[in-house]
Amino acid sequence: MNEVASGDTLVGFAELAKLSVALLVIVLIILTAAFIVRRFRAAPAGGGAALKVIGSTAVGLKERVVIVQVDSTWLVLGVGGGQVTRLHKLPAPSSEQVPGANSQMNGPQFEPDDSFATRFAKALKHNIGLR
């Protein structure tokens, strides 16, 4: 009787081991697919150069007013509560007309392809220079 019970236990452990290995393989496949999708995600059409966030400010806990430049137009948007509402539309001024556009107080200027280390170094130099 003891021999039959240990045989059933071994069969149970073998099935559990097979199930665990199959589950592990499925999880690894999912993680690998997620990594590949993130790594090789296609860039948006046009490189996103047509859309640029000029500035934003919070007007409540979850509400913001955002100024976005689309081509040669500025859109003033109200963002909050799962909605985006256009508040105003105006032509984009040239950089000479924007007060403080080239000012050092706006912070360091980052290039789109700067690495984190480069951005951090620029921000650190900027902050040290303000003191």
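No lab work stands behind these numbers, since they all come straight from the coordinates. In this text, all values refer to a predicted model and were calculated from it rather than measured experimentally. Because the Cβ atoms are built from the backbone with ideal geometry, glycine has one as well, and the counts that use them run over all protein chains shown.
Annotations
- Taking Ile26, Ile67 and counting other C-beta atoms within 10 Å, the order from fewest to most: Ile26, Ile67
- Counting only residues at least eight positions apart within a chain, or on another chain, the lysines with an alpha carbon under 19 Å from that of Lys52 are Lys89.
- As a proxy for reagent exposure, ranking Ser94, Ser56 by other Cβ atoms within 10 Å from fewest up yields Ser94, Ser56.
- For Leu75, Leu24, order by how many other beta-carbon atoms lie within 10 Å, fewest first: Leu24, Leu75
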